[in-house]
Each structure stands twice: as structure tokens, then as C-alpha cells.
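Structure first, then comments.
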Amino acid sequence: MTVTDTPFAGGIVGEARLRKEDPALLTGEAKFIDDLDLPGALWVACVRSPHAHARIDGVDTSGALAVDGVVAAYSGEDLADTWVAPLPCAWPVTDDMKNPSHFPVAQGKANYAGDIVAVVVATSRYAAADGLEGVVVDYEPLDAVVSVEDAESDRVVIHEDLGTNVSYEWPLIPDPEGVDAAFEAATHHITETYVHQRLIPAPMEPRGVAVVPAPHNGDMTLYSSTQIPHVLKVMAALTLGVPEQKLRVIAPSVGGGFGCKLNVYAEEILCMALAQRHGVPVRWTESRTEAAGSTIQGRAQRQTIELAADADGKLTAVRATLLADMGAYLQLVAPGVPLLGAFLYHGLYDVPLYAFTCKSVFTNLTPTDAYRGAGRPEATYAIERGMDALAVAVGVGADEIRSRNFIPTEKFPYDSPAGLVFDSGNYQPALDRAKELIGWDARMAEQAERRAAGSTTHLGLGISTYVEMCGLAPSRVLASLNYGAGGWESATVRILPTCKVQVVTGATPHGQGHETCWSMIVADRLGVDPDDVEVLHSDTAISPLGMDTYGSRSLSVGGTAIWMATEKVVEKAATIAAHMLEANPEDLELMGGVFSVKGSPDAEVPLAGVAFAAFTAHDLPDGVEPNLQAQVTWDPPNFTFPFGAHIAVVEIDEVTGAVDLVDYAACDDCGNQINPMIVEGQIQGGIVQGVAQALWEEAVYDEDGQCRSANLADYLVPSAAECIDMKLDHTVTPSPTNPMGVKGIGEAGTIASTPAVMNAVVDALRPLGVTGMAMPASPMTVRRAIEAAGGGAS
Amino acid sequence: MIPAAVGYVRADSAQAAVAALGEHGDEAKLLAGGQSLIPLMRLRLARPSMLVDVGRADDLRGISIDGDAVSIGALTSHSDLEHSADLVAACPLLAHVASQVGDPAVRHRGTLGGSLAHADPASDLPAAVLALGGTLVATGSGGSREIAATDFFTGFLESALAVDEVLTGVRVPVSTGGWSYQKFNRRAQDWAIVGVAVAEGGAGVSLVNMGSTPLRASAVEAAVAGGAGAADAAAVAVDGTEPPSDNNADPAYREHLVRVLTERALVAAGA
Ligand SMILES: Cc1cc2nc3c(=O)[nH]c(=O)nc-3n(C[C@H](O)[C@H](O)[C@H](O)COP(=O)(O)OP(=O)(O)OC[C@H]3O[C@@H](n4cnc5c(N)ncnc54)[C@H](O)[C@@H]3O)c2cc1C
């Protein structure tokens, strides 16, 4: 670990403390949506289109109404007057972006298998499920558009009123002539095309919604398994016309999201509407199979990357061209997902010229949206696989080609060719450390030996370095990207009369451990026990202001707000302490929970005494209000740019095509770390999720748009048995853009591990003539690639 | 994932189960470990109107070894097979195959009888019982009868059991000759994409997920018996198969795999 100066003096930040959240989660005390006890609640079940594309010629709900326990059933037409606005898309990336109207229950046409076409309301979940079978829908199936290429051709236009399947085209080409000239002059011109298969986010807890109305005073409480109660409140108010001040949104314990709960979903708005209509609580819990088609999916794009380089392999220009699949409709931030990668297709390499274009199209598949990494895994995959191709062309090692192109440390802050300012970075040491961890030279020697011996079990080494932009986001930058909201975060720190502390955060944890980390930040500064700091969140009545959790933003934006609010409280406490000690506030320091006068150690008062004095207010300095509380809203001046180097080692059985991940090392740099154990957990989980894209996971659709991987037997989420021990270390390059010097680590593992594994797979098979590989690298896919290259023992 | 309404009775002995099946006819389904039946019911692909729960029929549970024969109660769990020291000694193939089924939770609930009666061509245990040349014991209102494993699997998810019959036990010979089970899958807990079981140095060979039923690889057995080496014997592993197609493998890739795995299994079994 690099030793750097740290703003933390309390001895708590930096400790690998066990998570506060875990006892309740591990014992089942934590309450998830489906655990809520809501007497008298009606259950909702959704009739979903079995067709990917079909006209709806009629909906007959009478059969459902005949089922015992069914209270009501509605078609799209029946509910048409309920919506004040369509389901929201908050990121119209261009002024002429095409956005089809999208209502909670489809009318006239179903545009993907899973589109809701009717809804049944019943006294139990079982009765609601029985009711589904009574609804008869008259469908006229239409040709389905399943591939992005077919979509782009407009062979079938899905939303006829839009006249095309192309939603938008978004270019970022600061110097078009320069880029063209660079490619003309290049010694090496690499062109690679990759496909990012659709992924099903598959958090442990599928979605769920419960709405409790108070018909007489108009209040409404929306419980949802969501990452974004604050954003949801605003959007739900607008979509349904509920007065915002009457709406309270609560995210109870949320069993993971990975981005798929960063959305405003049909079922949320639908349950609100039905609760309003029936005047009683209404609830819905998603099944796993339902989740496979009705919760957003991730990735889903075809990318072409071109690299221009001189004879030494030094990059002179990078050009990336995407064709992205939005699915049938635009969900909350879907159009912006490719843009989150748009600035990073040159990776952490110093490149003068840059061109990026994304075209996004509609298909008859489940809508896509943000999934762990959102745009950055895609960008990193393209450049990192491209760099391996370049290394081969130049005839140097995968490590060397990277070292030749890293942005030199002295160039930070770095003005990127895409127009960003990378805050801080020091890339070579991370790669060196990862190589050391994996035993690079020994592994290379082993690979050479096996090749020389003609082994049919091939060893492959794959590197992926990465830089990501996270800490979403400076509000002004979001404005320039046409995003519909800001990127600030809010925090309140309140020292109670007994010197226990309440912290209110607008970041909304769903597995990350905010309670642990936020309490460590506050406790470190105040000199109290972290267990005496309670972190309140995820309920808009308790935490009214917030922008929630996604984009590795919680610590660098929300945590910074916590830090600043703590400083503000300390400042106020110092004023009171100074009054008590008859000293100047500037002469006081707070260490170990005690205010003392610098230089005169006897003059001291504990924070607890100050807290009680602030509460009694018997003797406060003039102009000082009672109580110790401060609220801060922090809008970051820039993104943060974590980075690192990952190396995967795979073994491939040439005969079966089976790929075995045998070793993995990573050196990540997320700036200063609050709790290294939580950082490590994020990296491990992220790596496994990224490896899963490389080796196992794929939302498989047939030519009719039917999902053939709609359960966890067919959709291969890895289990503990597929995980290997990883060799992890870090460097520390603090971010200069926030006082804690933190960056963010929630997505890094996912970003780097996919290309690392795929580079290893291709590296292993290169002697057999294999130069590329589709994801996931399933045994059949790998074996076929070997055979296509003319090789393969049998 | 919400099953349709279903009735429920408990039958705590083989006899009670036979009686309950007799009473409720073909609307009824035995519930053993529930690891195959309950998922189908949750997807509403199975809709029995009555469940006859034999989960506590202790007379259907247990492993006993008598001379050359191993007798196993139908309700014996995969986990019990896996961990029985007697079985590991007397019939290591069966114990090992049991340890390869699903994950620990599945193995604790799932039963040998359920796995056989379900007759899934992708299941592991039917292959072991086939390779071992086992015999199944079925009990109905008219008494008990024995069915050779080779005659038991009649179609996709179909067996020779009559609607009112309970599979009460399984008999396999003590078998300590060369054996191997090659299960090829992508995640540890998954069903086999293709599997090959070999008993007694190749005298018994069976295939998983290569057709509509668990299959005995008679051509391979014959080749081995005729003195063929592993590679030559494995070359005929495809004979009589009708490999299915799914996300993991198309028929051609399954055919490739079955040859590779058969050869590996025969080599491991010392054929
Ligand atoms: C996640 C998961 C992973 C799995 N992975 C594998 C795997 O890798 N390999 C594998 O082989 N299997 C796998 N299985 C299936 C598992 O082995 C089941 O336990 C087995 O297939 C059925 O046994 P059961 O006792 O659970 O039967 P049940 O589900 O209770 O019953 C299955 C069928 O058999 C009938 N039946 C049960 N007992 C009798 C009896 N004594 N007489 C007559 N009919 C009877 C039932 O009526 C029903 O039709 C998996 C299951 C799950 C849930």
C-alpha cells in the first residue's frame, strides 16, 4: 500500500470493521418488501404478453372476475384515464430523441414478452395468480425485432408513430478531420467488433411494491424494493398526479439492485393507482421468472473499436461506434447508459484524438437500462480487448503495450481527448503490483512450457486495466448531457443530548454498507464509538432530500456530504465549547471526543458536555441556536476516476472447450478507503459479476423474442462454488476533488474482470489460431471457435 | 411461481401411500423430496389435485447390504447415499454420483426414488442405477413387482410405474470394479449437459442427457466386451442417442462431448 497523507485522525477510518447491517440481515430480522405485514392488502398479479410483438384486439377479464378472491381486473383501456403522464425517461440525451409513450398497462399493442396487458386484483397472492388464468387476451402476433441490426434496418417499425426504430444518435467527435488524418497516417489500424450480450441483473431479492393509502387525508406510502426512493417520489408524483407532499416513499431492506432498481417501474405506478382506486393497501411481489422479463436488463450493444497507432504501438487515435439496444421502451436513464461510457473508450491511455458515436435502437425485447458499471464496462471491454489485438499486431506483450500508452503520472489532472478532466492517477504501479500478485513471469514461463509440450490444456493470461468515471455527478455536467436531475447529495448530522449521533443520508443503501461506513466517518471525527452513530436512510419522511445510490456515487458524493455536515457540527460545538472554556473557538481542537485548548491541556470539555449544554440551552453564546445539528448538500465539482489493473489466468480444455478460471489478481485504486473490508467485498463481488458475463451469463432470446433463460437453471448466475480465491491489493491515489480523497469502488470489479477473462481466453487459444471469442465463452462457443480456426484435438 | 390449489394427505408408510394413491387415482402425485415436483407445480407445469406426502414414511428409507446386493429404500436422500460409509465401500459409483447432484440443500431433500420415478434424462442417479444394472421394486394394490432398470424408463419423464404404484426400493449389485462418472456442466450445481457413468470397468455404461430417457450405452458395452480399447469403444457412444438442443449444447456438440466423456470415463475405470 502506498503511504499517503490522510484526512482522518480518529483511528476508526481505515479499520476493517464488521458491518453493522449484518446481524439483522443474517438473522432474518431485516424486513424486505415481502416481509411487510399489511392487513387487508389486496394482491396484484400482472397479465403479461406472451408475445414479443402483438396487436391486442381485445381483453376479456370476465373469467378472472369469476375466480374466488378476485376483486377486480383491468385492461389497459380500463385504466387509460388514470395516468397523468407516461412512465418517465429522465434522460433525453438529444433534443430529437424518439421516446415512445409507455404506460403501466399496454393499450393496443404489446411490444415485448412481459409487457403488462391486464392486471388482476385479489385478496391473496394465490387468488391473484389463479385470476391471471381467467383473463383472455385476443392477440394478433406480429413479426418481432430481436437484433439491433434488424432494428436499425427498420424492416419492422415497432412504434409506428415514431416512423423508425432509431431512438437517437449521439456523436462526440471533437476533431473529425484530426481523427481521420490520424488513421490515415497510422502504422497500425486495428478494427475489432464486440457484442455485449444482454444480461439479467438477478439481485438476490426480485422487485416488490406495496402501497398504503390513507384515502381521507390523501396520504400515500409507497414501499418499493428500489435504489431510488427520492427520485421515485418525484417521478411517481408527476406520473400519477399525486401531490408530492402527500407521498412518502420507503425502501425497506433491499436485497441488491446492481442498477436494476434504479428505475421507475410500471408496477410501482400501477400499485399506487390501484391503491388509490380501491382505498386499501395493494401489493405485488415479483417472481424470479417474471423478473427475467420485466425488470430491466443490462449491456446489450454491439461495438466497433478502431485504434490508430504508430510503429511502436503508441496510440494516436481511438474511434468507437456503438449500436445499442434500448429494448421496447425507454426506461428511466436508459438512453444515457452508453454516454456514461462515451468518454472512456480510450481507457487510461494518453491519446490525442478521439471519436465516439452511439446509435440506439428499439427492439421487441425487455427494456435495458443501467446495470453495474453502466457504460463503463462496455467501454473498458472495447479498449482493453482492442489493446490486446494491438499488442499482437505490434509484436509486444499485453503488459508492454499498456505501459507504453498509460497517461503519464505527471500529466494529472489530465485533460482527456473526450473533454473530461481525470482527477488523479498513477497507473503503472497498479499494473506492476497485479503482475507481481499473479506471478506474471512464472505464469508466462508455464504457458510457454505447456505450448512447447503440446498440451491440450491451454493456459491463458489476460490483463485488463481500467479507469472509470464515477461519483455521479456534477449537476452542471449532467445538465450538459441533458440529464433531467442533479447529482448532489444531502446529509444531516445530529448530536443528540446524550452524545449519541444520528446521521441522515440521501444515499440509499441496498447492500453496500452505508450504515457502517457513514458511522465510521462521523465517529472518526467526533471521537465517539461507531456503534453510537445511527445512520437513517431510505425513507423520504426521515430523509426528505436525496439523489440515492448508483454510479459508485455514495461515498464520494454522499459520504462527502456526511463529512462536511460533521465538520459543520464540530464547528458549532467548538463555539459552545469555547464559551464553556472561556477560550477562542479557533484555539480548540477536538480529539478523542474531547475539546481542549491547544497548548493548555488542562482546559478541556468533553463533547458529551457540549452536547448536553447545546440541548439545555441554558448558557449558550449569543446568537447560537440550541442543539447540535447541521445539514449539507454537496454537489461535486468533478467526477472521480478510480483505476486499477486486473489479471485473469484461465485453463482451457481444447477437447471440450471448457474454460476454467484458475487464478485472479487485482490491484485497484479508489483513493482513500474508509473500510478496507467493504472495499474488498465490493471488488470480489464485482469481479465475480464481471467474470459471469465473460463465462456464464446471457439472456438468451429466440427469433420470436422469447426469453430462453428465464430462470436460474438456464440463466447461469455463478454460485460460491464457481468463485476462486482472488489476490487483491490496492494503491492509494487520493482524489483531489473531495476532502476525504475518496473515489468509489462499487463497479470497478465488474468493469475490469470481463475483459481480463476474455483476453485470457483468447490468449490461451492464440496458438490454435483463435483471434476472437464471443461472450459468454461457453464450452460450446469455445470449442466451435477452436474448430473454426481449424484446430482441436478430439 | 404460485402453484395452483392442491389437496394434501400424509402417508407415513409404503402401505398408506399405496392406499392413498388407490383412493385418489391419477389426480394424485406422490411427494417425496419435492425437488422436482414442487418447481414444476410452482411454474404450473404440473397441477396434481392431491399430494400424497411420503416424506415421513421411514420404512422407505435406508441402505442395507446383504451378500452381493445393496438394497436402498426409495426415500433415501442423495445426501444419505453420498455419506454412507457402507455404500461408499460396496458401491462407490452410486455414492459418488449422489454427491454430484445439485447442491447440498437439494441433496438433503431429494430422494433416490424421486429421482428415478421422475425419469428425467438429465438426472444423474438414473444413469448410475442403469450402469450398475439395478432393479427397481414397485408396490401397488396388487403387491410388489420388480422392474429391471433397463425397462423402467419408458419416455420423457415417463416410467413403467402404474398410477397407483409406489417405487419402494432399489437394488444394485455390490460393485467395486473400475468405475467413473464424468459429469460435464458449467456450474457446480447444474444438471449435466452430458454425463457418462461407467461401472465394472465398462461392463455397464450409461449416458445422461443424450435422449428422451436415461440411456444405456449398449454399443459401448458391447465394444468393451469385445475387447475394444477406450477410444474405439467411445467412438460408438453416439449410437442410439437422440441428443436434445438447449442453450448449452446443440446435438452435434453433445455428440462430440459424449464421445470425449465416454473415453475419459472408460480410461478412468480402467477399461
Ligand atoms: C436446484 C436443483 C438442482 C438440481 N440438480 C440436479 C442435478 O444436478 N442432477 C440431478 O439428477 N437432479 C438434480 N435435481 C433434482 C433432484 O435430484 C430431485 O431430488 C430428484 O430429481 C427428485 O427427487 P425428489 O425426492 O425431490 O422427488 P419429488 O420432487 O418429490 O418427486 C418427483 C416425481 O417423482 C414422483 N415420486 C417421488 N417419489 C416416488 C416414489 N417413491 N414412487 C413413485 N413416484 C415417486 C413424484 O410423484 C414426482 O412425480 C435438482 C433439483 C433442484 C431443485
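So the values come out like this:
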{"item": "In range of the label at A:ALA789: residues from segment A:635-662 whose backbone nitrogen is under 18 Å from the point 7 Å along Cα→Cβ", "result": "A:648-662"}
{"item": "Pairs beyond 25 Å (Cα-Cα), from A:LYS233/A:LYS568; A:LYS31/A:LYS233; A:LYS261/A:LYS435; A:LYS500/A:LYS572; A:LYS314/A:LYS411; A:LYS233/A:LYS261", "result": "A:LYS233/A:LYS568; A:LYS261/A:LYS435"}
{"item": "Whole-angstrom gap from segment A:225-267 to segment A:85-119, using each part's C-alpha centre", "result": "17"}
{"item": "Selection from A:PHE412, A:TYR427, A:ALA442, by position along the positive dipole direction of segment A:408-462 (Cβ)", "result": "A:ALA442"}
{"item": "For segment A:36-76 and segment A:551-573, distance of Cα centres in Å", "result": "46"}
{"item": "Euclidean distance of C-alpha centroids, segment A:427-501 and segment A:749-780, integer Å", "result": "19"}
{"item": "Net +/- balance of residues flanking A:ALA72 in space, Cβ distance below 11 Å, scoring K and R +1, D and E -1", "result": "0"}
{"item": "Share of alpha-carbon pairs per 5 Å distance bin for segment A:83-230, given as whole %", "result": "1, 6, 8, 12, 16, 15, 13, 10, 7, 5, 3, 2, 2, 1, 0"}
{"item": "Accessible area (Å², 1.4 Å probe, nearest 10) - A:CYS723", "result": "60"}
{"item": "Sites A:SER475 and A:LEU238 - FRET efficiency at Förster radius 25 Å, r taken between beta-carbons, to 0.05", "result": "0.85"}
{"item": "R0 of 56 Å, Cβ-Cβ distance B:SER71-B:ALA5: FRET efficiency to nearest 0.05", "result": "0.90"}
{"item": "Contact order normalised by residue count of chain A, Cα under 8 Å, 6+ apart, percent", "result": "16"}
{"item": "Rounded to 5, the percent of DSSP beta bridges in the protein assembly as shown classed as antiparallel", "result": "80"}
{"item": "Backbone HN-Hα couplings from phi across segment A:50-61 [Karplus 6.51/-1.76/1.60, Hz, Gly and Pro as x]", "result": "x, 9, 6, 8, 7, 7, 9, 8, x, 10, 10, 9"}
{"item": "Those aspartates and glutamates that a straight Cα-Cα span of less than 14 Å connects to A:LYS743, excepting residues fewer than 8 apart in one chain", "result": "A:ASP423, A:GLU468, A:ASP668, A:ASP669"}
{"item": "Pairwise label distance in nanometres, B:LEU40 with A:GLU625, each label 7 Å out on the Cα-Cβ vector", "result": "6.7"}
{"item": "Cα lying deepest toward the dipole's positive end in the protein assembly as shown, options A:PHE32, A:CYS517, A:GLY11, charges on Cβ", "result": "A:PHE32"}
{"item": "Extension gain from A:ASP175 to A:ASP81, taking 0.36 nm per residue of separation minus the Cα-Cα distance", "result": "28.9 nm"}
{"item": "Label point distance in nm, A:ASP432-A:ASP143, each placed 7 Å from Cα along Cα→Cβ", "result": "5.9"}
{"item": "Against the rule of thumb 2.2 N^0.38 Å, how large the Cα Rg of segment A:741-794 comes out", "result": "1.49"}
{"item": "Globularity index of segment A:163-246, i.e. its alpha-carbon radius of gyration over 2.2 N^0.38 Å", "result": "2.03"}
{"item": "Amide H within-cut-off set for B:ALA69, under 5 Å, with H built and near neighbours excluded", "result": "B:VAL174"}
{"item": "Local electrostatic count at A:PRO779 - Lys and Arg +1, Asp and Glu -1, tallied over other residues with Cβ under 10 Å", "result": "+2"}
{"item": "Net charge contributed by nearby residues that have their C-beta within less than 12 Å of A:TYR550 (K/R +1, D/E -1)", "result": "-1"}
{"item": "Chain A, dipole about Cα centre (Lys/Arg Cβ +1, Asp/Glu Cβ -1), debye to the nearest 20", "result": "200"}
{"item": "15 Å tail of the calculated P(r), segment B:181-268, as % of Cα pairs", "result": "50"}
{"item": "Size of charge dipole - segment A:54-168 - debye, nearest 20, with Cβ of Lys, Arg +1 and Asp, Glu -1, no other charges", "result": "340"}
{"item": "Calculated FRET efficiency for the pair A:ASN711/B:HIS83, C-beta based, R₀ 35 Å, to 0.05", "result": "0.75"}
{"item": "Positive-end residue, chain B charge dipole about Cα centroid, Cβ charges, pick of B:VAL238, B:ILE63, B:GLY110", "result": "B:GLY110"}
{"item": "Normalised contact order of segment B:65-219, rounded percent, pairs of Cα under 8 Å and 6 or more residues apart", "result": "27"}
{"item": "Spin-label model distance (nm) - A:GLU410 vs A:THR304, 7 Å beyond Cα toward Cβ", "result": "4.0"}
{"item": "Evaluated over chain B, the Cα radius of gyration and Dmax, each in Å", "result": "18.1, 57"}
{"item": "Scattering profile of segment B:1-67 at q = 0.18 Å⁻¹ [log10 I(q)/I(0), Debye over alpha-carbon scatterers]", "result": "-0.67"}
{"item": "Using alpha carbons only: equivalent-ellipsoid semi-axes of the protein assembly as shown, gyration tensor based, whole Å", "result": "51, 38, 31"}
{"item": "Long-range tail of P(r) for segment B:80-151 (Cα pairs > 15 Å, %)", "result": "57"}
{"item": "All lysines inside 23 Å of A:LYS109 as judged from Cα atoms, apart from same-chain residues fewer than 8 positions distant", "result": "A:LYS98"}
{"item": "Dipole in debye (nearest 20) - segment A:519-638, about Cα centre, beta carbon charges: Lys, Arg +1; Asp, Glu -1", "result": "340"}
{"item": "Calculated [θ] (222 nm, deg cm²/dmol) that DSSP helices of n ≥ 4 give over the protein assembly as shown, each run adding -39,500 (n - 2.57)", "result": "-8500 deg cm²/dmol"}
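The values are calculated or read from the model by the stated rules, or taken from the named source; none is laboratory data. Treat the numbers as computed from the prediction; the structure is a model and nothing was measured. Cβ coordinates were reconstructed from backbone atoms using ideal geometry, including for glycine residues, and neighbour counts include every protein chain displayed. With ligands, DNA and RNA removed, areas are computed over all heavy atoms of the protein, side chains included. Shrake-Rupley method; radii C 1.70, N 1.55, O 1.52, S 1.80 Å.
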